Every structure is written in structure tokens, then in C-alpha cells.
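Report on one structure; see the data block that follows.
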Amino acid sequence: MKKITIAIDGFSSTGKSTIAKLIAKSLGYIYVDSGAMYRAITFFAMQNNLISKDHFDKDKLIASLPQAQVSFKFNDSLGFAEVYLNNQNIENNIRTLEVSNLVSIVAAVPEVRAQLVKIQKEIGQDKAVVMDGRDIGTVVFPDAELKIFMTASAETRALRRYNELKNNGENITFEAVFENVQKRDHLDSTRADSPLIKAEDAIAIDNSNATIEEQYQNIIKLIDNII
Ligand code: C5P
């Protein structure tokens with residue numbers, strides 16, 4: 001069976017990672033959550049007081065980037081790779097609303113993107129990878145054999161993220177999450193470097209009303225036609 005590259009892009013909280021993980025597992029492929037890498041750099045910037053809701057020291061962050069090593073290690077019991085910053089597992093630090101509120105500012109910095117895209121390309125050099133993000137089909141793997149562009153209504157997406165954060169014990173309101181989802185979509189789609197856009201050859205899937213099983217079966221059919 002031929003090995004392929006699968007790029008899944010789309011707006012925040014469209015359920016990209018849930019589907020990407022299932023697809024990767026069923027094919028025996030590597031799954032890479034590229035958003036976790038941008039979150040890791042954001043967490044690094046927060047730890048070093050380079051960003052908060054009131055300030056952003058972009059030049060200092062750029063100068064410190066060599067000190068921010070982002071990597072993944074496979075967690076056997078979870079069945080997917082977790083993100084590490086300088087060899088420290090930071091999976092539990094990067095999904096907070098605080099990180100979500102700052103990540104799109106950090107992700108708009110071209111030097112940050114260049115450092116992370118380089119790692120993403122290296123991880124995917126032997127194919128057999130499912131990567132989700134915002135620019136995977138347009139910038140990271142423009143030659144990917146399968147490109148999916150996931151969408152869902154902003155309300156549906158905010159509700160999903162709200163439930164996820166609540167389950168993680170965060171004390172937040174639906175309104176705050178809704179605002180974050182809309183703000184991030186705007187920043188991600190309008191930035192100058194690698195904005196979130198559908199690649200011309202990507203297949204758009206609106207999953208507002210689809211179950212995870214339906215989405216999974218739909219994508220598996222697309223893959224079967226390629227491999
Ligand atoms: O996928 P997730 O919501 O965790 O991504 C967090 C943020 O990281 C996005 O809102 C976006 O600003 C940035 N990102 C990006 N390019 C990617 C993946 C994520 O700019 N390939």
C-alpha cells in the first residue's frame with residue numbers, strides 16, 4: 001500500500017485533531033498536532049514574560065527562539081505523541097484559554113513559523129503522516145496527496161471547545177470561548193504570513209451536523225480512493 005501525506009486544515013475547534021488521530025491510528029501513521037507547537041512557543045513566551053494580554057516583546061521572542069526547542073514524544077498509553085518544550089512535557093499547560101488568547105499573535109511572527117515549519121517538514125519527510133493545522137496543505141505539505149479543509153459554525157465550534165475546557169476543570173464562560181474562537185479565526189485568516197485559507201485542491205468538509213463516525217468514514221473513503 002502506498003504511503004501518503006494527509007493535511008487537515010481548518011478553523012479553530014473544528015474537531016480536526018479528533019479525526020486526524022483516528023485516521024492516523026487506523027492507517028498506522030504518525031499524527032502531528034501542529035497547533036500544539038505554536039502553543040508551546042506561546043507558553044515559552046509567557047514563561048519568559050515576553051507576552052501577556054497587554055504586551056508583546058516580539059524582538060526578544062525572536063532572539064530567544066533558539067532556546068525554545070519543541071519536540072514530540074510518543075505516549076504509548078495514550079496512543080499519540082505529546083508535545084515537549086526543552087524536554088519538558090507541556091501537554092497540560094498549553095490548552096488553557098490564556099494560551100488560546102495569545103497564540104494567534106505568536107503564530108503570526110514569520111520567524112516562529114519558519115522554525116516550526118522546518119520541524120514539521122522533517123517529521124513528514126517519509127510520508128505516512130497526518131498533520132493538522134492552518135497552513136499544512138498550503139505551506140507545509142503543498143504536495144500532500146489528500147488535503148481536507150474542515151469547517152463548522154462558530155457556535156458549534158465554541159460549544160465544543162467550551163465543553164472540552166470545562167472538562168479540564170477551567171473556570172470559563174461560553175461567551176469568553178466564543179469570543180476567543182472568533183478572534184483567533186480572524187487573526188489566523190488575515191495575517192500576512194501563511195494565512196488560514198483553503199488550498200485550491202483541498203476537499204471542504206462542514207462537520208457542524210456530522211458525528212465523528214460519519215466524518216471518519218467519509219475521510220477513510222477518500223483515502224481508499226488514493227492508496
Ligand atoms: O490547532 P490549535 O487551535 O491548537 O492552534 C492554535 C493556534 O496556533 C491557531 O489559532 C493558530 O494561530 C496557530 N496555528 C498556526 N498554524 C498551524 C497550526 C496552528 O498558525 N499550522
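The values are calculated or read from the model by the stated rules, or taken from the named source; none is laboratory data. Note that the coordinates shown come from a computational prediction; the quantities given were computed from them, not determined experimentally. Here Cβ is always computed from backbone atoms with ideal geometry, including for glycine, and neighbour counts include all displayed protein chains. These area figures cover heavy atoms from the full protein model, side chains too; ligands, DNA and RNA do not enter into them. Shrake-Rupley method; radii C 1.70, N 1.55, O 1.52, S 1.80 Å.
See the values below:
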read-out: Residues located in region 10-29, provided they are on the phi > 0 side of the Ramachandran plot and away from the ligand (no atom under 15 Å from the Cβ); value: GLY28
read-out: Count of region 115-141 residues which are open to solvent by 10 Å² or more (accessible area, probe 1.4 Å), farther than 16 Å from LEU50 by Cβ and in contact with a helix residue (DSSP H, G or I) (Cβ under 9 Å, 6 or more places away or on another chain); value: 7
read-out: Lone unmet requirement of (1) touching a helix residue (DSSP H, G or I) at 6+ places or on another chain (Cβ under 8 Å); (2) of a type in the set (Lys, Arg); (3) over 22 Å from LEU165 (Cβ atoms) for LYS53; value: (3)
read-out: Meets criteria (under 30 Å from ALA210 (Cβ atoms), in contact (Cβ under 8 Å) with a residue 60 or more places away in the chain, of a type in the set (A, V, I, L, M, F, W, C) and touching a Gly at 6+ places or on another chain (Cβ under 6 Å)) for ALA24; value: no
read-out: Selected residue (criterion: nearest to ILE105 (Cα to Cα)) from residues of region 169-227 that are aliphatic (A, V, I, L, M) and without any contact (Cβ under 8 Å) to a residue 60 or more places away in the chain; value: ILE197
read-out: Test: residue in region 60-80 that is crowded, with 16+ Cβ neighbours inside 10 Å, of a type in the set (A, V, I, L, M) and under 13 Å from the mean Cα position of the chain (by Cα); value: no
read-out: Where a residue in region 55-80 is farther than 23 Å from GLU98 by Cβ and its partner, wherever it lies, is hydroxyl-bearing (Ser, Thr, Tyr) and open to solvent by 40 Å² or more (accessible area, probe 1.4 Å), with Cβ under 6 Å and at least six apart; value: none
read-out: Checking ARG39 against (1) touching an Asp or Glu at 6+ places or on another chain (Cβ under 7 Å); (2) over 30 Å from ILE226 (Cα atoms); (3) not polar (S, T, N, Q), the condition it does not meet; value: (1)
read-out: Selected residue (only one of SER194, SER189 is at positive phi, within 13 Å of the ligand (Cβ to nearest atom) and modelled with pLDDT of 95 or more); value: SER194
read-out: Count of region 142-164 residues which are buried (at least 20 other Cβ atoms within 10 Å of the Cβ) and over 28 Å from ASP193 (Cβ atoms); value: 1
read-out: ALA202 being under 12 Å from SER12 (Cβ atoms) and open to solvent by less than 50 Å² (accessible area, probe 1.4 Å); value: no
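A quick yes/no check of all residues on (1) buried (at least 16 other Cβ atoms within 10 Å of the Cβ); (2) of a type in the set (S, T, N, Q):
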site	(1), (2)
ARG39	yes, no
GLN47	no, yes
LEU85	yes, no
VAL106	yes, no
GLU111	no, no
